[in-house]
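Engineer: Here it is: the structure, laid out below.
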Amino acid sequence: MKMHKLLLAGLVAAVSSTVTVNANAASTYAQTKYPIVLAHGMFGFKSLLGGAIDYWYQIPSDLQANGAKVYVTQVAALESSEVRGEQFLKQVKDVLAITGAAKVNLMGHSHGGHSIRYVAAAIPSKVASVTAIGSPVKGSPVADLVTQTGALSPVAYGALNALAGIIELFNGSGSFDQSAKNSIASLSTKGSAAFTAKFPQGVPTTACGQGAATVNGVKYYSWGGTSRLTNVLDPTDALVGLTGLFISGANDGLVGQCSSHLGVVLRDNYSMNHLDEVNLMFGLRDIFSTDPKSVYRGHANRLKLAGM
């Protein structure tokens, strides 16, 4: 029995470097009944260069300080929604096994929003809630531009795969095959529609409405931003500022305001761009906007009060 527990501990160590000990929490404000499991987006990672750069910058630690148990996962940086979903499913099962929790609360940013939907559909009895953050539920025009125009050559796709491999190398977590072509196809309007046809839970049936609040016992939520250039010191602002030009209407630089809707829309117009939604880079953002950490903390409290 002891050996079995040690093996499970090893599995979850690979899943997450962020395991909370509630005894050290400063408060219980975010102490949800079930663990919170985070799913990253395209080109995502847990931590780079020995912790110098975190994808979820200061968010897990803030949640932990307020009583939550948080697990940060790692799947292929570039792959189809289904492949990433299967990888995420395995890690969620590992978290359930090591914690003994009856359920988990899933939060996914960007393409990670597809991953959490996949898992909620696969094991609904083990999922308390799903929260999509800046996720292209109905696809991204940026991905459409690439797929419809053939803007990227095989060489360019290869370069993106190589970049994802380098990120994985510096991340030091897991070893996955990468496919930029599959990833971008999944994030297109057509690819996202095909994914929704398989996993429709929580997806609005209108162009810019809300989806079902509860499906198969799982609560669905979403939130997102509608700003692109938020801090002149943030070098990533230039990228999302450029890509946002290809999206009509309000957007966060990669995802349109209405495309981010899933389940109960908590808010879809934070003054944040796509990377601000996970507090990248180093928390550089609009100083007059809501602190992303407080959004996650407040949502954890919402889940706590709802008995999740």
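Engineer: Please name all residue pairs, on different chains or six or more residues apart, with Cβ atoms under 8 Å, provided the first residue is in the stretch 283-308 and is closer than 11 Å to ALA30 by Cα and the second residue is in a helix (DSSP H, G or I) and at pLDDT 95 or above.
Structural biologist: As it stands, the answer is TYR296/ILE59; TYR296/ASP62; TYR296/LEU63; ARG297/ASP62; ARG297/LEU63; ALA300/LEU63, since those pairs meet every condition given.
Engineer: A further question follows. Can you tell me which condition PHE195 does not meet? The list is (1) among the hydrophobic types (A, V, I, L, M, F, W, C); (2) over 19 Å from VAL83 (Cα atoms); (3) under 18 Å from the mean Cα position of the chain (by Cα), and all the others hold.
Structural biologist: Exception for PHE195: condition (2).
Engineer: Oh, and also: I'm trying to understand the selection: among the residues of the stretch 185-224, which are part of a loop (DSSP other than H, G, I, E, B), at pLDDT 95 or above and more than 27 Å from LEU303 (Cβ to Cβ)?
Structural biologist: SER188
Engineer: Let me ask something additional. In the stretch 273-298, what residues are aliphatic (A, V, I, L, M) and either farther than 25 Å from TYR118 by Cβ or surrounded by fewer than 18 Cβ atoms within 10 Å (Cβ to Cβ) (or both)?
Structural biologist: Hits for the stretch 273-298 are MET281, LEU284, ILE287.
Engineer: Determine whether the stretch 139-157 contains at least one residue that is assigned to a helix (DSSP H, G or I), in contact with a strand residue (DSSP E or B) (Cβ under 9 Å, 6 or more places away or on another chain) and within 27 Å of LEU303 (Cβ to Cβ).
Structural biologist: No: zero hits.
Engineer: Taking the stretch 247-256 as the search range and keeping residues that are surrounded by fewer than 24 Cβ atoms within 10 Å (Cβ to Cβ) and touching a residue at least 24 places away in the same chain (Cβ under 8 Å), which one is farthest from VAL142 (Cα to Cα)?
Structural biologist: Looking at the filtered set, the residue picked out is ALA250.
Engineer: Filter the stretch 118-137 for residues that are of a type outside the set (Ser, Thr, Tyr) and in a loop (DSSP other than H, G, I, E, B) and give the result. Show your work before the answer.
Structural biologist: Of the residues in the stretch 118-137, the ones of a type outside the set (Ser, Thr, Tyr) are 119-124, 126-128, 130, 132-134, 136-137.
Result: ILE123, GLY134, PRO136, VAL137.
Engineer: Moving on to the next point. Among the listed residues PHE282, PHE195, PHE199, which satisfies the condition of being among the aromatic types (Phe, Trp, Tyr) and within 22 Å of VAL146 (Cβ to Cβ)?
Structural biologist: Numbers: PHE282 fails: within 22 Å of VAL146 (Cβ to Cβ); PHE199 fails: within 22 Å of VAL146 (Cβ to Cβ).
When all the criteria are applied, what remains is PHE195.
Rundown of residues vs (1) out of contact with any Lys or Arg (no Cβ under 8 Å at 6 or more places or on another chain); (2) modelled with pLDDT under 95; (3) farther than 24 Å from THR243 by Cβ, yes/no style:
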site	(1), (2), (3)
VAL72	no, no, yes
LEU78	yes, no, no
GLN91	yes, no, yes
LEU96	no, no, yes
ALA122	yes, no, yes
GLY134	yes, no, no
VAL137	yes, no, no
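Engineer: In addition: Before we move on, is GLY244 surrounded by 22 or more Cβ atoms within 10 Å (Cβ to Cβ) and more than 17 Å from the chain's Cα centre (by Cα)?
Structural biologist: Working: surrounded by 22 or more Cβ atoms within 10 Å (Cβ to Cβ): yes; more than 17 Å from the chain's Cα centre (by Cα): yes.
It is true that GLY244 is surrounded by 22 or more Cβ atoms within 10 Å (Cβ to Cβ) and more than 17 Å from the chain's Cα centre (by Cα).
Engineer: Based on this model, can you work out whether ASP62 counts as modelled with pLDDT of 95 or more, surrounded by fewer than 24 Cβ atoms within 10 Å (Cβ to Cβ) and either closer than 22 Å to ALA120 by Cα or touching a strand residue (DSSP E or B) at 6+ places or on another chain (Cβ under 7 Å) (or both)?
Structural biologist: No: the conditions fail for ASP62.
Engineer: Taking the condition of being at negative phi and at pLDDT below 95, how many residues in the stretch 268-289 meet it? Break it down into steps so the answer makes sense when it comes.
Structural biologist: Kept after step one, since they are at negative phi, are these residues of the stretch 268-289: 268-278, 280-281, 284-289.
Filter once more, so that each one left must be at pLDDT below 95: 280-281, 284-289.
So the answer is 8.
Engineer: A further question follows. In this structure, does ALA197 turn out to be within 29 Å of ALA102 (Cα to Cα) and surrounded by fewer than 16 Cβ atoms within 10 Å (Cβ to Cβ)?
Structural biologist: On the way: within 29 Å of ALA102 (Cα to Cα): yes; surrounded by fewer than 16 Cβ atoms within 10 Å (Cβ to Cβ): yes.
Spelling it out, ALA197 is indeed within 29 Å of ALA102 (Cα to Cα) and surrounded by fewer than 16 Cβ atoms within 10 Å (Cβ to Cβ).
Engineer: Let me spell it out: the conditions are (1) surrounded by 22 or more Cβ atoms within 10 Å (Cβ to Cβ); (2) part of a loop (DSSP other than H, G, I, E, B); (3) among the hydrophobic types (A, V, I, L, M, F, W, C), and PHE45 meets all of them except one. Which number is the exception?
Structural biologist: Among (1) surrounded by 22 or more Cβ atoms within 10 Å (Cβ to Cβ); (2) part of a loop (DSSP other than H, G, I, E, B); (3) among the hydrophobic types (A, V, I, L, M, F, W, C), the lone unmet condition for PHE45 is (1).
Engineer: A further question follows. One residue is enough: does the stretch 116-135 have a residue meeting the conditions farther than 25 Å from GLN201 by Cβ and of a type outside the set (Lys, Arg)?
Structural biologist: No, because not a single residue in the stretch 116-135 is farther than 25 Å from GLN201 by Cβ and of a type outside the set (Lys, Arg).
Engineer: Same structure, new question: (1) assigned to a helix (DSSP H, G or I); (2) among the polar types (S, T, N, Q); (3) crowded, with 20+ Cβ neighbours inside 10 Å: which one isn't true of GLN178, the others all being true?
Structural biologist: Just one mismatch for GLN178, condition (1).
The values are calculated or read from the model by the stated rules, or taken from the named source; none is laboratory data. Keep in mind that what you see is a predicted model, and the values were worked out from it rather than measured. Heads up, the Cβs are rebuilt from the backbone with ideal geometry, glycines too, and the neighbour counts pull from every protein chain shown.
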